[in-house]
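Only the coordinates and a few stated rules stand behind these numbers; no lab work does. Predicted model only: the values in this text are computed from it and were never measured. Neighbour counts are summed over all protein chains in view; Cβ atoms, including those assigned to glycine, are modelled from backbone coordinates with ideal geometry.
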Amino acid sequence: MGLKFTELVDIERLQRLMDTLYKATGIPSGISDLDGGIMTATGWQPICTEFHRVNPQTRQICIESNQQVKEHINDGPFIGYYCKNGMIDYACPIIIEGQHLANLFLGQFFFEPPDDKTFRQQAKKYGFDENAYIKALRQVPILERQTVENILMFFSQLADLLSEAGLRSKENREIANFLQEILNAIPSPVFYKDIKGFYMGCNKAFEEYAGKPREEIIGHTVQTVFPAQTANAYHQMDEELFRHPQTQVYEHFYQDKQGRERAVLFNKAPFQSIGGEVAGLVGVITDITNQKSIEAALTQSEAKYRALFENMMNAFVYFEIVKDDSGNPIEYRFLEVNDAFERHSGIVKTAVIGKTINETVFKADDTGVDWVKLFNDTVRSGKALTFEHELKVLNRWLLVSAYSPLTGFFAMVFSDITQHKKNEEKNQHYAYHDPLTGLPNRRLLEDRLTMAIAQAKRNKEQVAVVFFDLDNFKPVNDTYGHDAGDELLQEIAHRTEACVRQGDTVARIGGDEFVIVLPAIKTKDDVITIATRVLQECRRPIMLRGSTVAVSASIGISFFPQDGTDITELTRKADVAMYTSKQKGRDQICLIDECIRSCS
């Protein structure tokens, strides 16, 4: 008749024992029957219970890993393997009287700090809440391989021992010796003491930790085993545990034999007598010096990134994605902004933190942009979006980059480009306008004249081109300086604009030369009338630097279509007429075939 593990061992007592050992060692474990049924389980990590064994895909991976273990469990004293979900597990068979009765599992830990990037990719791949997933990852213990294998053998042999106790009784001394050897195989210091504080047992590692042989430890208290300051600290923690019987975890620093400071973690738990009263405590000491160094490095790294975040030139906004009951994103809540956000937007942090997009000045009614839809499209595409936006409510232009760095979160980086946009507008203006007078330049003049000719052809109209430059402008420059000459040109430009009709174009094409385009004219006399007003305005004295200055103008006119049908011919004819005016005494208006001197 085959044996059954449940017939040999009190499962409830075994569970309590495994729970206590977990409190002391911090290593998750479990015992299952050959059909995969769980008989004991303790310390299983949230990363498995809340993520890997919940998600259908990762749960299937767990099942596949368990099947692999089942197929190879008898290949040796134990099997160590990497679960496809990234965790490390160990397992060994429990064999009693030559029969394989159960399997012991030890797992859900790492041998070295895990690669965050890998697990962040897992979170994204399987749709886990990344922050919660990484938080669970941080709880997974990091152990040395030899430590794990030794503790596995300890658990395995302990399970064997408990099972065999159901078959036969053994001498207490044999059991004690057996347990002592197992304890000695554990590299971490292990000890246990009674409720009065006297050491009842320890392993070799604890002897090395205390710096004394077993004979000087067993039957003694901390006051005789450790220096006074250390002993007092240990004694206070023991008394606290006995007053409040529960798992006790704390850190301690000490100097090793080489004088180096080491950090250790105490895991202590009470044990009970047969009567159910607290009879003493068991403790395990784990060296966490390397872990503390890693934590310090991570803290320093976080501080660097925090400093970068706070001092970066661009504004940075971190959002939480708000979803409806169906999991669809419906809003974006401000979680954090940096100092540059206030500089670039003009909005204080307190005005947005904790609020959603549509509860701030970014709401669609004020900006003309549906930010929620824009962000949703970006999340769905998985690609960063960069665009310029005029935030009219704040009279600012922003250059915005938006992307989703983590599932459930969204980031926006922007800078104030208001001045840049103003400069662009100014450059665009100067591309078509004279910077001194603000009048259209030659480029815009040609565009306007082209349009006027095209319109005249369609409507069978006339167009006049009026060229003029100032007489005696050079003496003004020479006498009063270039600044005064510039003022004179600005005044002439202003007066000329006042002489023409709405829709006419007055342009400066260089030096003291001006051109007027008069579209849709009816008669030659209409043009002469406008040119006469210009001539008279140029004659009118101008005050420059406290002196009265008088100039005049020489004007030449050409007509479409009589004098030409394209820009080149019309401007050439008007220029010829203007120089005819100068040759015939200046201060007059000339057409191609006649000159007119206006009365002053």
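Modelled spin labels at Arg539 and Asp486, positioned 7 Å past Cα toward Cβ, are 3.1 nm from each other. By the rule of a C-alpha distance below 20 Å, with chain neighbours fewer than 8 residues away ignored, the lysines paired with Lys70 are Lys4, Lys84.
Separation of the alpha carbons by more than 19 angstrom is noted, of Lys349/Lys383; Lys457/Lys522; Lys196/Lys268; Lys117/Lys292, for Lys349/Lys383; Lys117/Lys292.
Along the axis of the charge dipole computed for the chain (Cβ charges of +1 for Lys and Arg, -1 for Asp and Glu, origin at the Cα centre), the listed residues Val69, Thr548, Ala454 are led at the positive end by Thr548. Taking a straight Cα-Cα cut-off under 16 Å and skipping sequence neighbours fewer than 8 places away in the same chain, the lysines within cross-link reach of Lys392 are Lys363, Lys421, Lys422. The C-alpha atoms of the chain define a longest principal axis, and helix 56-72 lies at about 40 degrees to it. Within the same chain, aspartates and glutamates fewer than 8 places from Lys584 are excluded, and of the rest, those with a Cα less than 12 Å from its Cα are Glu594. For the chain, leaving out every one of the GluC sites (Glu not before Pro) that falls in a DSSP loop and has at most 12 other Cβ atoms within 10 Å, the longest unbroken run is 278-593. Hey, of [x] 26.0; [y] 33.4; [z] 27.0, which did the structure itself give for Kirkwood radius over Cα pairs in Å when calculated? So the calculated entry is the one marked [y].
Give me the dipole magnitude in Debye, nearest 20, for the chain about the Cα centre, with unit charges on the beta carbon: positive for Lys and Arg, negative for Asp and Glu. Could the numbers behind the result be given before it?
Values: 67 positive and 82 negative charges, 301 e Å.
Using only the charged Cβ atoms, the result is roughly 1440 debye.
The relative contact order of the chain comes to 7 percent, based on Cα pairs under 8 Å that sit 6 or more residues apart.
Relative contact order of segment 188-292: what whole-number percent is it, with Cα pairs under 8 angstrom and at least 6 residues apart?
Working: 184 pairs, mean separation 28.3, N = 105.
Result for segment 188-292 is 27 percent.
The per residue volume of the convex hull around the alpha-carbon atoms of segment 5-174 is 119 Å³.
Note on Glu513 and Gln60: the model spin-label points, each 7 Å out from Cα along the C-beta direction, lie 8.1 nm apart. Helix 482-499 and the longest principal axis of the Cα set of the chain meet at an angle near 80°. Against the chain, whose longest principal axis is taken from its Cα atoms, helix 116-126 shows a tilt of about 80°. Of the trypsin sites (Lys or Arg not before Pro) found in segment 528-574, the ones in coil according to DSSP and having at most 12 other Cβ atoms within 10 Å of their Cβ are Arg545.
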